[in-house]
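Step one of this worksheet: look at the structure below.
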Amino acid sequence: MTAGNVVVLIETTTDGTPKSTAASLLGAAAQVGTPVAVVVAAPGGAGQALASRLGELGAVHVYMAESEAAAAELGTAQVGALADAARAYGAQVALLPATNDSKAVAGRLAIVANGAIAADAVGVRWDAEGQEVIAVHAVFGGDFTTESTVEGGLMIVTVRPGSVDARAEAVASPEVRTAPVATAAGPGARIDAATDAPAATGRPVLRGAKAVVSGGRGVGSKENFEIVEQLADALGAAVGASRAAVDAGYVPQHYQVGQTGISVTPDLYVALGISGAIQHRSGMQTSKTIVAINKDEDAPIFEIADFGIVGDLFTVVPQLVEEINARRG
Ligand code: FAD
């Protein structure tokens, strides 16, 4: 059973290295077919080093699409490149990360390539008969799992970052093709300037992090949020927050986990002073292990927690940090 070639959109940083979503997307592609990494760059902008890196992550083919528009317009070159690559490799399935930029690319690709979207998947697999590729979705805050497929046309799947653990086998020498973007995708929003968000904290980036410690309204103030950061640093985790914590000004909006924030699927999610409203849960309920610390034993977060501590976070967390640091030596 194979979907043949599966085109995978690789997001890159401004210095041209693959973003962290690449490994799990190529891993997901390998579960249903042969991964074709699609990279967009200005002419001459992508090189052998990038191709080798994508081979290490499991790309059997690397399609380098060159376009002057790559740095000038948002998503236009990516739409054209994926349509070109799908045609060149006869692909029936395209995988994109479910990030803001690539979700917009997916929508436009569906029009240009006459396909349909399976949005925000947490995995892909074959159906039992080996006839169709199925996208798996965690919906209603992760309470239900649904499946979707596309009949006819390109199946365009946006995959939630961090949700696929599978990794493809490394490929020593991926086949590399370089071609100018041929398919026109209409005008896109103009890019005046692009910079990568500074990793000022030295902590992992929230989206795709393996461990996340989030604080809620129960943390009480901006100053108190330090306690969330201390536990995150002890665990090597990213820092997140509930919307109430963001609205109260404890942390900036890009920390927000949930329906109107970032969806995360870490191995470990620790919720401090978070009640567990459905809108928060929808962004973290697919985490593999959930730990909640809350002084209200009836807080809904305990319904989904694997481990729960009923207590004051200002008493529990310092002890936790001390113990973790002591064990680490
Ligand atoms: P609260 O619900 O006020 O809970 C605070 C918790 O802290 C309580 O359970 C309390 O017992 C506990 N606590 C207090 N002091 C301590 C202490 N010292 N030690 C231990 N525990 C303590 N929310 C999101 O998070 N993300 C979203 O993306 C999001 N999107 C939304 C979209 C819409 C359309 C709407 C309507 C709402 C959305 N919300 C979102 C808001 C959501 O409904 C909740 O209001 C919010 O998640 C509550 O945040 P909280 O748990 O931090 O605060």
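The values are calculated or read from the model by the stated rules, or taken from the named source; none is laboratory data. Remember, it's a predicted structure, so these values are computed and weren't measured experimentally. Note that we place each Cβ from the backbone using ideal geometry, even for glycine, and neighbour counts take in every protein chain shown.
Is it the case that segment 277-287 has a residue that's closer than 17 Å to Ala232 by Cα, near the ligand (Cβ under 6 Å from one of its atoms) and of a type outside the set (Gly, Ala, Ser)?
Keep residues of segment 277-287 that are closer than 17 Å to Ala232 by Cα, which gives 284, 287.
Okay, now just the ones that are also near the ligand (Cβ under 6 Å from one of its atoms), so none.
No, that holds for no residue.
Would you mind stating whether Ser221 is surrounded by fewer than 16 Cβ atoms within 10 Å (Cβ to Cβ) and within 16 Å of the ligand (Cβ to nearest atom)? Lay out the reasoning, then the answer.
Details: surrounded by fewer than 16 Cβ atoms within 10 Å (Cβ to Cβ): yes; within 16 Å of the ligand (Cβ to nearest atom): yes.
It is true that Ser221 is surrounded by fewer than 16 Cβ atoms within 10 Å (Cβ to Cβ) and within 16 Å of the ligand (Cβ to nearest atom).
Residue-by-condition table, conditions (1) modelled with pLDDT under 95; (2) within 24 Å of Asp120 (Cα to Cα):
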{"position": "Leu206", "(1), (2)": "yes, yes"}
{"position": "Lys210", "(1), (2)": "yes, yes"}
{"position": "Val213", "(1), (2)": "no, yes"}
{"position": "Glu226", "(1), (2)": "no, no"}
{"position": "Glu229", "(1), (2)": "no, no"}
{"position": "Leu235", "(1), (2)": "no, no"}
{"position": "Ala241", "(1), (2)": "no, yes"}
{"position": "Val257", "(1), (2)": "no, yes"}
{"position": "Thr265", "(1), (2)": "yes, yes"}
Task: Contacts under 9 angstrom Cβ, first residue in segment 285-300 being touching a residue at least 24 places away in the same chain (Cβ under 8 Å) and among the polar types (S, T, N, Q), partner part of a strand (DSSP E or B) and surrounded by fewer than 21 Cβ atoms within 10 Å (Cβ to Cβ), 6 or more apart - done: Ser287/Leu268; Asn294/Gly308; Asn294/Ile309; Asn294/Val310
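Looking at Arg190, Arg177, Arg203, which is the one that is touching a Phe, Trp or Tyr at 6+ places or on another chain (Cβ under 6 Å), away from the ligand (no atom under 16 Å from the Cβ) and of a type outside the set (Val, Ile, Thr)?
Values: Arg190 fails: touching a Phe, Trp or Tyr at 6+ places or on another chain (Cβ under 6 Å); Arg203 fails: touching a Phe, Trp or Tyr at 6+ places or on another chain (Cβ under 6 Å).
Within the list Arg190, Arg177, Arg203, the selection yields Arg177.
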TODO: Could you identify the single residue in Gly123, Gly80, Gly90, Gly107 that is surrounded by fewer than 24 Cβ atoms within 10 Å (Cβ to Cβ) and under 30 Å from Asp192 (Cβ atoms)?
DONE: Gly107
Open item on the list: Please count how many residues of segment 21-46 are touching a residue at least 24 places away in the same chain (Cβ under 8 Å) and more than 24 Å from Ser163 (Cβ to Cβ).
Closed with: 5
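Tell me which residues, restricted to segment 201-220, are part of a strand (DSSP E or B) and of a type outside the set (Gly, Ala, Ser). Spell out how you get there, then give the answer.
First, pick out the residues of segment 201-220 that are part of a strand (DSSP E or B): 211-215.
The answer is Val212, Val213.
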Open item on the list: Please verify whether Lys288 is out of contact with any helix residue (DSSP H, G or I) (no Cβ under 7 Å at 6 or more places or on another chain), more than 23 Å from Phe144 (Cβ to Cβ) and basic (Lys, Arg), treating the condition exactly as stated.
Closed with: no
TODO: Check off (1) surrounded by fewer than 21 Cβ atoms within 10 Å (Cβ to Cβ); (2) closer than 22 Å to Val136 by Cβ for Leu26 and give me the number that stays unchecked.
DONE: (1)
Open item on the list: With the requirement that a residue be assigned to a loop (DSSP other than H, G, I, E, B) and more than 9 Å from the ligand (Cβ to nearest atom), what does segment 240-262 give you?
Closed with: Gly249, Tyr250, Val251, Pro252
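Could you tell me whether segment 65-81 includes any residue that is in contact (Cβ under 8 Å) with a residue 12 or more places away in the chain, of a type in the set (D, E, K, R) and in a loop (DSSP other than H, G, I, E, B)?
Step one: list which residues in segment 65-81 are in contact (Cβ under 8 Å) with a residue 12 or more places away in the chain, which gives 65-81.
From the residues that got through so far, the ones that are of a type in the set (D, E, K, R) too are 66, 68, 73.
Narrowing further to those that are in a loop (DSSP other than H, G, I, E, B): none.
Checked against the condition, which is being in contact (Cβ under 8 Å) with a residue 12 or more places away in the chain, of a type in the set (D, E, K, R) and in a loop (DSSP other than H, G, I, E, B), segment 65-81 yields no hits at all.
Each row is one residue, and each column tells you yes or no for (1) of a type in the set (A, V, I, L, M, F, W, C); (2) within 21 Å of Leu25 (Cα to Cα); (3) under 16 Å from the mean Cα position of the chain (by Cα).
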residue: Phe140; (1), (2), (3): yes, no, no
residue: Glu147; (1), (2), (3): no, yes, no
residue: Asp165; (1), (2), (3): no, yes, yes
residue: Thr183; (1), (2), (3): no, no, no
residue: Ala189; (1), (2), (3): yes, no, no
residue: Leu235; (1), (2), (3): yes, no, no
residue: Arg243; (1), (2), (3): no, no, no
Task: Residues of segment 278-315 satisfying the condition of being crowded, with 18+ Cβ neighbours inside 10 Å and among the small types (Gly, Ala, Ser) - done: Ser282, Gly283, Ser287, Ala292, Ala299, Ala305, Gly308
